[in-house]
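Okay, so here's the structure we're looking at.
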Amino acid sequence: MKGVQAFNEIEDLDAESKYLVHKAKEAALNAYAPYSKFYVGAAVILDDDTVITGANYENASYPLCMCAERVTLYSAAATHPSRKVKKMAVIAHKKGQKELVTATPCGACRQVMLEFEVKQKQPIEIVMLTKESNWIIVPSCSFLLPYSFNQENLI
């Protein structure tokens, strides 16, 4: 498995990654973020090239909020249960701003993403913008959560 790839500009990404970033940007327009003003969009491409998108949805009872990554993965699983996720792009922007800001998955999303990898027995590449303003492509969710909680912990 190859390592993390870093790119200075979005134009340097491969065509599929750029397309997913574009779809994630569109999805962020549907985010409901009245409290944080942090609009997140995610897009996945499945093994049959179907694209599924999602956005974050906040709630006044904060624990009930749902991140864009989980919305997207759960939607993909519910609507295309036999398909595998190949790649995910995650983007974010602040209210009223077009410029993208750092958007890396939270710990809960990393755990869910890794569970999807384990279930499908295939890594999921993740495209995201780092705090250094670099685009990166991570070859597997395991890079994001190296000491994960898994089924072996339950035995």
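State whether the residues of segment 39-57 include one that is more than 23 Å from Leu13 (Cα to Cα), in contact (Cβ under 8 Å) with a residue 24 or more places away in the chain and not charged (D, E, K, R).
Yes, because at least one residue in segment 39-57 is more than 23 Å from Leu13 (Cα to Cα), in contact (Cβ under 8 Å) with a residue 24 or more places away in the chain and not charged (D, E, K, R).
Here are some conditions: (1) in contact with a strand residue (DSSP E or B) (Cβ under 7 Å, 6 or more places away or on another chain); (2) charged (D, E, K, R); (3) buried (at least 16 other Cβ atoms within 10 Å of the Cβ). Arg70 meets all but one. Which one does it not meet?
Going through the list (1) in contact with a strand residue (DSSP E or B) (Cβ under 7 Å, 6 or more places away or on another chain); (2) charged (D, E, K, R); (3) buried (at least 16 other Cβ atoms within 10 Å of the Cβ), Arg70 breaks only (1).
Out of all the residues in segment 104-132, which are under 17 Å from the mean Cα position of the chain (by Cα) and in a loop (DSSP other than H, G, I, E, B)?
Thr104, Pro105, Cys106, Gln122, Pro123, Ile124, Thr130, Lys131
Look through Glu99, Glu58, Glu125 and report the one residue that is modelled with pLDDT of 95 or more and within 22 Å of Leu29 (Cβ to Cβ).
Glu58
Consider Ala33 carefully, then state whether it is among the aliphatic types (A, V, I, L, M) and under 19 Å from Met128 (Cα atoms).
no
In this structure, does Val118 turn out to be out of contact with any strand residue (DSSP E or B) (no Cβ under 9 Å at 6 or more places or on another chain) and either of a type in the set (A, V, I, L, M) or surrounded by fewer than 16 Cβ atoms within 10 Å (Cβ to Cβ) (or both)?
Spelling it out, Val118 is indeed out of contact with any strand residue (DSSP E or B) (no Cβ under 9 Å at 6 or more places or on another chain) and either of a type in the set (A, V, I, L, M) or surrounded by fewer than 16 Cβ atoms within 10 Å (Cβ to Cβ) (or both).
I'd like to verify a number: residues in segment 31-56 that are touching a strand residue (DSSP E or B) at 6+ places or on another chain (Cβ under 7 Å) and either of a type in the set (D, E, K, R) or closer than 28 Å to Gln122 by Cβ (or both), how many?
Here the count works out to 15.
Test Asn8 against the stated conditions and say whether it is out of contact with any strand residue (DSSP E or B) (no Cβ under 7 Å at 6 or more places or on another chain), surrounded by fewer than 22 Cβ atoms within 10 Å (Cβ to Cβ) and either modelled with pLDDT under 95 or polar (S, T, N, Q) (or both).
It is true that Asn8 is out of contact with any strand residue (DSSP E or B) (no Cβ under 7 Å at 6 or more places or on another chain), surrounded by fewer than 22 Cβ atoms within 10 Å (Cβ to Cβ) and either modelled with pLDDT under 95 or polar (S, T, N, Q) (or both).
Condition check ((1) in contact with a Ser or Thr (Cβ under 7 Å, 6 or more places away or on another chain); (2) surrounded by 18 or more Cβ atoms within 10 Å (Cβ to Cβ); (3) not aromatic (Phe, Trp, Tyr)) across all residues:
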residue	(1), (2), (3)
Ser17	no, yes, yes
Tyr39	no, yes, no
Asp48	no, no, yes
Met66	no, no, yes
Met113	no, yes, yes
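The values are calculated or read from the model by the stated rules, or taken from the named source; none is laboratory data. Small disclaimer: the values here were computed from a predicted structure and weren't measured. Cβ atoms come from the backbone with ideal geometry, glycine included; neighbour counts cover every protein chain shown.
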